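What follows is a set of notes on a single structure, which appears directly below.
The values are calculated or read from the model by the stated rules, or taken from the named source; none is laboratory data. Because the structure is predicted, anything quoted here is derived from the model rather than measured. Because the Cβ atoms are built from the backbone with ideal geometry, glycine has one as well, and the counts that use them run over all protein chains shown. These accessible areas exclude ligands, DNA and RNA; they are computed on the full protein's heavy atoms, side chains included. Shrake-Rupley method; radii C 1.70, N 1.55, O 1.52, S 1.80 Å.
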Amino acid sequence: MAGSGTVEPVSLQSLLAEVHPAWFADPSAHGFDDALIARARTTPLGRRLLVRSLPQDLLDGLLAPRPGEPAYVAVPRRWPRARVAALVRDLGVLAYAPLIRAEVRREPVRWLRATLGNSYLLALDRTVWDGRFDAATRARLSSQWEALLAEPTFGSDPAPLGRLLDRQGQAELQAWAGRRNRALADWARLLHPPADPLPTHVPEKAVLVVASHHEDRDAD
């Protein structure tokens, strides 16, 4: 961890450069504003202060002592931002797979195929997850899905669909990684602004299949 020796690991500098500034930006808690955050990232002392300002529960995985290479080095290298984003998106697609499979209206189907690309095939793949969940979850997701399709920009602007999928995908990743890979859970949280947790429903085995697929892919 930074501050424990005379030399600060360059990788910790890289990690802090990726952390979303909203994690530091609560002046009532520790007085950091955007300008101060930018300056703090440029000095060893400033970076130590930034690390100490993070919620302690976010440091349990990434900065916990462990033999060999520190997690804050290994995890961002194995899971760069683009790979985490792709995993989060696919987990969101999987979470909404039952709704995507059930969608038979011509224009929504055409647009979903074009927008999701290969991830559309994941939604159709029942070998990854059969899509069974309880009635309350189905009602909640169906309401969100219909609201999305009712958006005036549906069919032309992919952003609302992306936000819907990514928010749920991030929740599914946190629920799984919080139990199985705490350092990855910490890292994925730090890449995005703080957000209230959502209910999750994708089975652990299905999340593992998708996460393993992304982890095993060649680096970009």
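Remarks
- Cβ-Cβ FRET estimate between R163 and L121, R0 fixed at 25 Å, reported to 0.05: 0.70
- Geometric descriptor of segment 96-138, per residue, is 67 Å³ (volume of the convex hull of the Cα atoms).
- Look at the alpha carbon pairs under 8 Å that are at least 6 residues apart: their mean separation over the length of segment 81-129 gives a relative contact order of 48 percent.
- With contacts taken as Cα pairs under 8 Å and at least 6 residues apart, the chain reaches a relative contact order of 28 percent.
- Each principal axis of the Cα cloud of segment 118-160 was evaluated for its coordinate range; sorted largest first, these ranges are 33, 29, 10 Å.
- Extension gain, R78 back to R140 (0.36 nm per residue minus Cα-Cα distance, nm): 18.9 nm
- Just so you know, the Cα atoms of segment 30-189 work out to an Rg and Dmax of 19.4, 58 Å.
- Rounded tilt (10° steps) of 81-95 against the dominant C-alpha axis of the chain: 30
- E151 versus L59: modelled label distance in nm, points set 7 Å from Cα along the beta carbon direction: 3.8
- The long axis of helix 159-180 is offset from the longest Cα principal axis of the chain by roughly 60 degrees.
- Segment 95-142 - percent of accessible surface contributed by carbon and sulfur, probe 1.4 Å: 53
- Residues in segment 124-132 carry Karplus couplings, in order, of 8, 7, 6, 6, 7, 7, 6, x, 7 Hz; the curve used is 6.51 cos²θ - 1.76 cosθ + 1.60 with θ = phi - 60°, and Gly or Pro positions show x.
- Stretching the chain fully between E103 and H213 yields a gain of 37.0 nm (0.36 nm per residue, less the alpha carbon separation).
- Nearest 10 degrees, 0 to 90: helix 44-53 Cα axis against the chain principal axis: 50
- Tensor-based shape of segment 111-220 (alpha-carbon gyration tensor, a/c under 1.5 rounded, otherwise prolate or oblate): rounded
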